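Trainee: I'd like to ask you about the structure that follows.
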Amino acid sequence: KEGWGTAALVAGATATAEPFPPEEPVDFTNCAHGSRTRRREVSLVFNVVESEEGLAEVLDTLSARGIRSTFFVNGEFIRRHPEAVREIALSGHEVGSLFYASFNLTDARLTVDAGFVRAGLARNEDDYHAATGRELSPLWHAPYYIVNSAIIEAAAGMGYLYAGRDVDPLDWVAKSDSNAARGIYFRAADLVERVLAEKKPGSIIPVQIGAAGLARDDYLFQRLDLVVSELSRQAPAPLRAIWSP
């Protein structure tokens, strides 16, 4: 009969994506984020410093999701956990340098000149190659992300790109009355919300692996599957390694 037809009983879901923010300059010596407008992608990076707790689960989650990410390892971890470092190397992820030891490179009590920076990066290269037979990617960041322009320039002279961050999940903050009073300690579920609220296209989002020496109720790496699910829900295929083409 004229006028008859079909109609959907349930309206289809409409995909929504956050608008692109204004483009910001990208410094290829000191990179705090990728392009804001080229793609709706972010980079999850994993800092491996002391403990290997949670590393196997993180690698399994990334593998199950088909995600190639970036890991930063430092010399202390390489020397203590060479088998874990080999597991990272064999996983196909990008691996950058987190220097040969963990300390504040800008501490005024220390003499950290260009030669010291180059020696520290070279030592980490040697330790990683000795453990894995492979080379580190030309990416690094300073311990605790504390750095200055002189240190970045010294590393750039060795061909290193400084990979900073533009989202700080605060997953490194230990539980204490003082941190709670300052409003910087959050449970892992709240850290997930913080990441989702602060990320933009091109963001670099660090996640700390392990719990050694860090007293918390729970840890962001334990909620990685939720982080990935929520990021993936907001944009198609949004996760990539920093150095990916």
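Trainee: On the Cα set of region 128-245, report Rg and Dmax in Å, please.
Mentor: Values for region 128-245 (Cα only, Rg and Dmax): 16.4, 47 Å.
Trainee: Considering only A215, A180, S229, whose Cα is most displaced toward the positive end of the charge dipole of region 159-242, charges sitting on Cβ of Lys, Arg (+1) and Asp, Glu (-1)?
Mentor: It is S229.
Trainee: Could you tell me the ratio Rg/Rh of region 165-217? Both radii from Cα atoms, Rh via Kirkwood.
Mentor: Rg/Rh: 0.98.
Coordinate-derived values only; no laboratory data. Since the structure is predicted, the reported quantities are computational estimates derived from the model, not experimental observations. Please note: Cβ atoms are built from the backbone with ideal geometry, for glycine as well, and neighbour counts cover all protein chains shown.
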